[in-house]
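The values are calculated or read from the model by the stated rules, or taken from the named source; none is laboratory data. The shown structure was predicted, so the numbers you read here are calculated from the model rather than taken from an experiment. As a convention, Cβ positions derive from the backbone with ideal geometry for all residues, glycine included, and neighbour counts pool all protein chains shown.
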Amino acid sequence: MSTKVLIEDPNYLSANKLKGKKAIVTGGDSGIGAAVVIAFAHEGADIGIVYHENDADALQVKQRAEELGATVYLYKGDVGHEHVVKEAVDYFIDKFKSIDILVNNVAEQHERDSIVDITETEVQREFATNIYSFMYFTKYLFPYFNEGAAIINNASVNAYRGHPYLLTYSTTKSAVVGYTRSLSVREEFINKKIRVNCVAPGPIWTPLIPATMKGMTHEKFGLDTPMKRCGEAYEVAPSFVFLASNQDSSYMSGQCLHVNGGAVLNG
(Lines give C-alpha, C1' and ligand atoms only; values in the text may rest on other atoms or scores of the structure.)
Protein backbone atom coordinates (compact mmCIF):
# COMPACT_ATOMS: atom_id res chain seq x y z
CA MET A 1 0.00 0.00 0.00
CA SER A 2 1.05 3.58 -0.60
CA THR A 3 2.35 5.69 2.29
CA LYS A 4 0.38 8.64 0.91
CA VAL A 5 -2.48 9.81 3.10
CA LEU A 6 -5.67 8.91 1.23
CA ILE A 7 -8.48 11.36 1.95
CA GLU A 8 -10.96 10.52 -0.81
CA ASP A 9 -12.57 7.23 -1.78
CA PRO A 10 -12.38 7.06 -5.60
CA ASN A 11 -15.57 4.98 -5.57
CA TYR A 12 -17.58 7.19 -3.20
CA LEU A 13 -21.31 7.16 -3.97
CA SER A 14 -22.96 10.38 -2.85
CA ALA A 15 -26.63 10.56 -1.88
CA ASN A 16 -27.06 14.24 -0.97
CA LYS A 17 -27.43 13.30 2.69
CA LEU A 18 -26.16 16.72 3.81
CA LYS A 19 -27.60 18.87 1.04
CA GLY A 20 -27.99 22.46 2.22
CA LYS A 21 -26.24 21.83 5.54
CA LYS A 22 -23.51 24.08 6.92
CA ALA A 23 -20.62 22.42 8.71
CA ILE A 24 -17.46 23.40 10.56
CA VAL A 25 -14.57 20.92 10.67
CA THR A 26 -11.57 21.62 12.88
CA GLY A 27 -8.26 20.22 11.68
CA GLY A 28 -9.85 19.93 8.25
CA ASP A 29 -6.66 20.48 6.30
CA SER A 30 -5.26 16.94 6.56
CA GLY A 31 -5.86 13.36 7.61
CA ILE A 32 -9.27 12.39 8.94
CA GLY A 33 -10.44 16.00 9.01
CA ALA A 34 -9.66 16.46 5.32
CA ALA A 35 -11.40 13.18 4.49
CA VAL A 36 -14.49 14.37 6.38
CA VAL A 37 -14.47 17.67 4.46
CA ILE A 38 -14.34 15.83 1.13
CA ALA A 39 -17.08 13.37 2.14
CA PHE A 40 -19.30 16.22 3.37
CA ALA A 41 -18.75 18.02 0.07
CA HIS A 42 -19.78 14.86 -1.79
CA GLU A 43 -22.98 14.88 0.27
CA GLY A 44 -23.88 18.49 -0.50
CA ALA A 45 -22.71 20.41 2.58
CA ASP A 46 -20.95 23.76 2.68
CA ILE A 47 -17.96 23.74 5.00
CA GLY A 48 -15.81 25.94 7.18
CA ILE A 49 -12.32 24.51 7.67
CA VAL A 50 -10.24 25.45 10.70
CA TYR A 51 -6.53 24.69 10.46
CA HIS A 52 -3.36 25.57 12.33
CA GLU A 53 -0.40 26.07 9.99
CA ASN A 54 -0.35 24.31 6.62
CA ASP A 55 -1.75 26.77 4.08
CA ALA A 56 -0.94 24.55 1.09
CA ASP A 57 -2.83 21.55 2.46
CA ALA A 58 -5.81 23.67 3.48
CA LEU A 59 -6.03 25.26 0.05
CA GLN A 60 -5.76 21.88 -1.65
CA VAL A 61 -8.62 20.44 0.40
CA LYS A 62 -10.68 23.60 -0.19
CA GLN A 63 -10.13 23.36 -3.93
CA ARG A 64 -11.19 19.71 -4.10
CA ALA A 65 -14.31 20.34 -2.00
CA GLU A 66 -15.22 23.26 -4.25
CA GLU A 67 -14.81 21.04 -7.30
CA LEU A 68 -17.48 18.85 -5.74
CA GLY A 69 -19.81 21.85 -5.48
CA ALA A 70 -19.27 22.99 -1.90
CA THR A 71 -18.83 26.53 -0.70
CA VAL A 72 -15.75 26.45 1.53
CA TYR A 73 -14.21 29.00 3.90
CA LEU A 74 -10.85 28.73 5.67
CA TYR A 75 -9.79 30.01 9.07
CA LYS A 76 -6.21 29.72 10.29
CA GLY A 77 -5.37 29.73 13.98
CA ASP A 78 -4.33 27.86 17.10
CA VAL A 79 -7.64 26.68 18.53
CA GLY A 80 -6.08 25.77 21.86
CA HIS A 81 -6.70 29.44 22.72
CA GLU A 82 -10.27 30.43 23.54
CA HIS A 83 -10.07 33.85 21.90
CA VAL A 84 -8.97 32.25 18.61
CA VAL A 85 -11.99 29.94 18.68
CA LYS A 86 -14.32 32.88 19.31
CA GLU A 87 -12.78 34.76 16.39
CA ALA A 88 -13.15 31.70 14.15
CA VAL A 89 -16.80 31.29 15.13
CA ASP A 90 -17.48 34.98 14.47
CA TYR A 91 -15.89 34.62 11.03
CA PHE A 92 -17.93 31.56 10.06
CA ILE A 93 -21.20 32.90 11.42
CA ASP A 94 -20.69 36.04 9.35
CA LYS A 95 -20.54 33.73 6.32
CA PHE A 96 -23.07 31.02 7.23
CA LYS A 97 -25.37 32.80 9.75
CA SER A 98 -26.12 29.45 11.42
CA ILE A 99 -24.57 25.98 11.70
CA ASP A 100 -25.93 22.44 11.30
CA ILE A 101 -22.84 20.31 11.94
CA LEU A 102 -19.76 20.72 14.12
CA VAL A 103 -16.91 18.24 13.77
CA ASN A 104 -14.41 18.64 16.60
CA ASN A 105 -11.49 16.80 15.04
CA VAL A 106 -8.27 18.72 15.64
CA ALA A 107 -5.63 16.88 17.68
CA GLU A 108 -1.97 16.69 18.58
CA GLN A 109 0.08 14.01 20.31
CA HIS A 110 3.56 13.49 21.74
CA GLU A 111 5.09 10.04 22.10
CA ARG A 112 7.15 9.54 25.26
CA ASP A 113 9.05 6.43 26.40
CA SER A 114 8.93 7.37 30.08
CA ILE A 115 6.51 9.35 32.20
CA VAL A 116 9.44 11.40 33.52
CA ASP A 117 9.96 12.77 30.00
CA ILE A 118 6.48 14.29 29.81
CA THR A 119 6.63 18.08 30.11
CA GLU A 120 4.13 20.52 31.51
CA THR A 121 4.11 22.38 28.21
CA GLU A 122 3.13 19.37 26.12
CA VAL A 123 0.44 18.31 28.60
CA GLN A 124 -1.06 21.79 28.44
CA ARG A 125 -0.80 21.79 24.64
CA GLU A 126 -2.46 18.42 24.18
CA PHE A 127 -5.32 19.22 26.54
CA ALA A 128 -5.80 22.66 24.98
CA THR A 129 -5.96 21.25 21.46
CA ASN A 130 -7.64 17.90 22.04
CA ILE A 131 -10.40 18.78 24.49
CA TYR A 132 -10.46 22.48 25.42
CA SER A 133 -10.95 23.47 21.78
CA PHE A 134 -13.91 21.08 21.54
CA MET A 135 -15.54 22.81 24.49
CA TYR A 136 -14.77 26.29 23.16
CA PHE A 137 -16.27 25.61 19.72
CA THR A 138 -19.39 24.09 21.24
CA LYS A 139 -19.74 27.00 23.65
CA TYR A 140 -19.48 29.75 21.06
CA LEU A 141 -21.49 27.97 18.37
CA PHE A 142 -24.35 26.95 20.64
CA PRO A 143 -26.48 30.07 20.01
CA TYR A 144 -26.09 29.51 16.26
CA PHE A 145 -26.89 25.81 16.04
CA ASN A 146 -30.02 25.11 14.05
CA GLU A 147 -32.59 22.80 15.60
CA GLY A 148 -31.58 19.22 14.86
CA ALA A 149 -27.89 20.05 14.58
CA ALA A 150 -25.21 17.40 15.04
CA ILE A 151 -21.96 17.56 16.98
CA ILE A 152 -19.38 14.88 16.23
CA ASN A 153 -16.26 14.64 18.38
CA ASN A 154 -13.22 12.70 17.24
CA ALA A 155 -12.01 10.41 20.03
CA SER A 156 -9.65 7.43 19.64
CA VAL A 157 -9.35 3.72 20.22
CA ASN A 158 -6.77 4.72 22.84
CA ALA A 159 -9.53 6.16 25.02
CA TYR A 160 -10.78 2.61 25.46
CA ARG A 161 -7.65 0.48 25.61
CA GLY A 162 -4.90 2.96 26.45
CA HIS A 163 -1.49 3.40 24.85
CA PRO A 164 1.81 2.99 26.73
CA TYR A 165 3.65 5.77 24.88
CA LEU A 166 0.78 8.19 24.20
CA LEU A 167 -0.23 8.73 27.81
CA THR A 168 -1.38 12.34 27.61
CA TYR A 169 -3.05 11.88 24.23
CA SER A 170 -4.99 8.83 25.46
CA THR A 171 -6.08 10.76 28.54
CA THR A 172 -7.41 13.63 26.44
CA LYS A 173 -9.31 11.21 24.23
CA SER A 174 -10.92 9.62 27.29
CA ALA A 175 -12.02 13.14 28.19
CA VAL A 176 -13.57 13.49 24.73
CA VAL A 177 -15.72 10.41 25.34
CA GLY A 178 -16.88 11.72 28.72
CA TYR A 179 -17.53 15.14 27.22
CA THR A 180 -19.63 13.62 24.43
CA ARG A 181 -21.77 11.62 26.82
CA SER A 182 -22.28 14.51 29.23
CA LEU A 183 -23.11 17.00 26.49
CA SER A 184 -25.68 14.65 24.97
CA VAL A 185 -27.80 14.65 28.14
CA ARG A 186 -27.81 18.39 28.77
CA GLU A 187 -31.34 19.81 28.59
CA GLU A 188 -30.28 22.85 26.55
CA PHE A 189 -29.03 20.52 23.81
CA ILE A 190 -31.95 18.12 24.05
CA ASN A 191 -34.39 21.02 23.78
CA LYS A 192 -32.79 22.08 20.48
CA LYS A 193 -32.73 18.44 19.29
CA ILE A 194 -28.94 18.59 19.00
CA ARG A 195 -27.39 15.15 18.81
CA VAL A 196 -23.87 14.65 20.18
CA ASN A 197 -21.81 11.60 19.24
CA CYS A 198 -18.20 10.63 18.71
CA VAL A 199 -16.03 8.44 16.52
CA ALA A 200 -13.12 6.46 17.98
CA PRO A 201 -10.76 5.66 15.10
CA GLY A 202 -8.17 2.93 15.43
CA PRO A 203 -4.82 3.05 13.61
CA ILE A 204 -5.59 5.39 10.72
CA TRP A 205 -2.71 6.54 8.51
CA THR A 206 -2.54 10.32 8.75
CA PRO A 207 0.32 12.87 8.72
CA LEU A 208 0.28 12.80 12.53
CA ILE A 209 1.59 9.23 12.64
CA PRO A 210 5.02 9.49 10.95
CA ALA A 211 5.44 12.98 12.44
CA THR A 212 5.02 11.85 16.05
CA MET A 213 5.67 8.10 16.25
CA LYS A 214 9.33 7.37 15.63
CA GLY A 215 10.08 4.56 13.21
CA MET A 216 6.44 3.94 12.36
CA THR A 217 5.70 2.99 8.76
CA HIS A 218 2.51 2.40 6.83
CA GLU A 219 3.38 -1.28 6.57
CA LYS A 220 3.82 -1.72 10.35
CA PHE A 221 1.02 0.53 11.55
CA GLY A 222 -2.11 -1.44 12.40
CA LEU A 223 -0.58 -4.91 12.26
CA ASP A 224 -1.93 -5.53 15.76
CA THR A 225 -5.54 -5.22 14.57
CA PRO A 226 -7.63 -8.23 13.50
CA MET A 227 -7.52 -6.87 9.93
CA LYS A 228 -3.70 -6.73 10.10
CA ARG A 229 -3.44 -3.30 8.50
CA CYS A 230 -3.95 0.37 9.17
CA GLY A 231 -7.01 2.19 7.94
CA GLU A 232 -7.01 5.00 5.41
CA ALA A 233 -8.44 8.40 6.29
CA TYR A 234 -11.27 8.04 3.78
CA GLU A 235 -12.40 4.83 5.49
CA VAL A 236 -13.34 6.79 8.62
CA ALA A 237 -15.21 9.63 6.91
CA PRO A 238 -18.49 7.75 6.25
CA SER A 239 -18.97 7.36 10.01
CA PHE A 240 -19.00 11.14 10.30
CA VAL A 241 -21.46 11.41 7.42
CA PHE A 242 -23.71 8.87 9.15
CA LEU A 243 -23.65 10.77 12.45
CA ALA A 244 -24.16 14.12 10.71
CA SER A 245 -27.19 12.91 8.76
CA ASN A 246 -30.53 13.22 10.50
CA GLN A 247 -32.06 10.74 8.09
CA ASP A 248 -29.52 8.08 9.08
CA SER A 249 -28.82 8.62 12.79
CA SER A 250 -31.80 10.57 14.12
CA TYR A 251 -32.13 8.27 17.16
CA MET A 252 -28.45 8.29 18.13
CA SER A 253 -26.89 10.56 20.72
CA GLY A 254 -24.21 10.06 23.34
CA GLN A 255 -22.75 7.16 21.37
CA CYS A 256 -19.35 6.32 19.91
CA LEU A 257 -18.62 4.52 16.64
CA HIS A 258 -15.52 2.32 16.58
CA VAL A 259 -13.72 2.34 13.24
CA ASN A 260 -10.66 0.38 14.24
CA GLY A 261 -9.95 -2.62 12.04
CA GLY A 262 -11.93 -5.12 14.08
CA ALA A 263 -10.93 -4.55 17.71
CA VAL A 264 -13.90 -5.36 19.93
CA LEU A 265 -14.29 -2.76 22.66
CA ASN A 266 -16.91 -2.02 25.29
CA GLY A 267 -18.48 1.43 25.29
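Determine if the stretch 130-142 includes at least one residue that is modelled with pLDDT of 95 or more, in contact with a Gly (Cβ under 8 Å, 6 or more places away or on another chain) and buried (at least 23 other Cβ atoms within 10 Å of the Cβ). Yes - at least one qualifying residue is present in the stretch 130-142.
The single residue among Phe221, Phe240 that is at pLDDT below 95 and either in contact with a strand residue (DSSP E or B) (Cβ under 6 Å, 6 or more places away or on another chain) or not in a helix (DSSP H, G or I) (or both) turns out to be Phe221.
The rows are residues; the columns are (1) of a type outside the set (S, T, N, Q); (2) farther than 19 Å from Asn246 by Cα; (3) surrounded by fewer than 23 Cβ atoms within 10 Å (Cβ to Cβ).
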| position | (1), (2), (3) |
| --- | --- |
| Val25 | yes, no, no |
| Phe40 | yes, no, no |
| Gly44 | yes, no, yes |
| His52 | yes, yes, yes |
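Within the stretch 151-172, if we keep just the residues that are part of a helix (DSSP H, G or I) and over 19 Å from the mean Cα position of the chain (by Cα), the residue that is modelled with the highest pLDDT turns out to be Leu167.
Could you identify the single residue in Val84, Val61 that is within 24 Å of Asn146 (Cα to Cα) and surrounded by 17 or more Cβ atoms within 10 Å (Cβ to Cβ)?
Val84
Somewhere in the stretch 112-124, is a residue in contact with a Phe, Trp or Tyr (Cβ under 6 Å, 6 or more places away or on another chain), among the aliphatic types (A, V, I, L, M) and modelled with pLDDT of 95 or more? No, that holds for no residue. For the stretch 95-150, name all the residues that are free of Cβ contacts under 8 Å to residues at least 40 places away in the same chain, outside any helix (DSSP H, G or I) and β-branched (Val, Ile, Thr). Residue satisfying the conditions is Thr119 alone.
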